[in-house]
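Everything on this sheet refers to the single structure shown next.
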Amino acid sequence: MKSIHYAGQTLFPSKVVCIGRNYVEHIKELGNEISEEMVVFNKPNSAISDRLYFISEDTRFEGEITFLIQEGKIAGIGFGLDLTKANIQNYLKSKGLPWERAKAFDYSAVLSEFVPFDGDLSSLQMKLYINDNLVQFASYELMMYKPQIMIDEIKSFMHLEDGDVIMSGTPKGVGTYRIGDRFVGQVFSSEKLLVEKVWMAEDQNAV
């Protein structure tokens, strides 16, 4: 089982629950329609990674604020990269097929460590830098579905186990990347830095 780190503990999430199309400008960026209902999909435990690998030329990064769940509530905050095989996803969407081949592959849920958080969720912001350039910015205000709405919707049809992770969706600015690119993901509460994680994109074939 793949693990994550939280407050000095090693946890083994049963799944990573992902929220799609949660930022209007990102929906427009990819030419998608705004859904009438929340888009929810899962990544299995086997997708979790603490290292960022180059997967393919069309694999896209999507930076996200991530939540650690304990006792059905948000206990921790982290930063995550939802890696997506864009060409495969576009084909699957065109045929009305599930997204697992494009979203749930090994190493596709790249996660930082998680830190305890019991503060004001409306203060949260995230930034993603690649090679020192700011490429993505997100905040609570920009989310179509706020964290408690996400949790309520997920719980309406699926149980959240202790240690499960919710990836809250990505803002505009997604793109492809190369081996050697330097990623810096940050999550803030107002001006306070909660989490910072640095990744160097590695060659998957060297694993």
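General remarks:
- Hits in the range 149-167 - residues which are among the hydrophobic types (A, V, I, L, M, F, W, C) and closer than 19 Å to Leu11 by Cβ: Ile151, Ile154, Met158, Leu160, Val165, Ile166, Met167
- Considering each residue of the range 87-107 in turn, none proves to be in contact with a strand residue (DSSP E or B) (Cβ under 6 Å, 6 or more places away or on another chain), in a strand (DSSP E or B) and either at pLDDT 95 or above or exposed (fewer than 14 other Cβ atoms within 10 Å of the Cβ) (or both).
- Residue tally, condition in contact with a strand residue (DSSP E or B) (Cβ under 6 Å, 6 or more places away or on another chain), within 21 Å of Leu121 (Cβ to Cβ) and not hydrophobic (A, V, I, L, M, F, W, C), over the range 153-174: 7
- Highlighted here are the strands (runs of 3 or more DSSP E) found entirely within the range 120-185 that include at least 1 residues which are of a type in the set (Gly, Ala, Ser), under 28 Å from Ser3 (Cβ atoms) and at pLDDT below 95: 133-139.
- Within the range 10-39, if we keep just the residues that are at pLDDT 95 or above and in a strand (DSSP E or B), the residue that is nearest to Glu141 (Cα to Cα) turns out to be Cys18.
- One residue stands out among those in the range 56-86 that are out of contact with any strand residue (DSSP E or B) (no Cβ under 7 Å at 6 or more places or on another chain) and either in a strand (DSSP E or B) or of a type in the set (A, V, I, L, M, F, W, C) (or both): the one that is surrounded by the fewest Cβ atoms within 10 Å (Cβ to Cβ), which is Lys73.
- For the range 52-102, a residue qualifies if it is within 23 Å of Ile149 (Cα to Cα) and under 11 Å from the mean Cα position of the chain (by Cα), and the qualifying residues are Glu62, Gly63, Glu64, Ile65, Thr66, Phe67, Gly78, Phe79, Gly80, Leu81, Asp82.
- Scanning the range 175-193 for residues that are under 24 Å from Lys73 (Cβ atoms) and in contact with a strand residue (DSSP E or B) (Cβ under 9 Å, 6 or more places away or on another chain) yields Gly185, Gln186, Val187, Phe188, Ser189, Ser190, Leu193.
- Met150 vs. criteria among the hydrophobic types (A, V, I, L, M, F, W, C), over 30 Å from Met200 (Cα atoms) and loosely packed, with under 15 Cβ neighbours inside 10 Å: no
The values are calculated or read from the model by the stated rules, or taken from the named source; none is laboratory data. All of these numbers come straight from a predicted model, not from anything done at the bench. Here the Cβ is made from the backbone with ideal geometry for all residues, glycine too, and neighbour counts use every protein chain on show.
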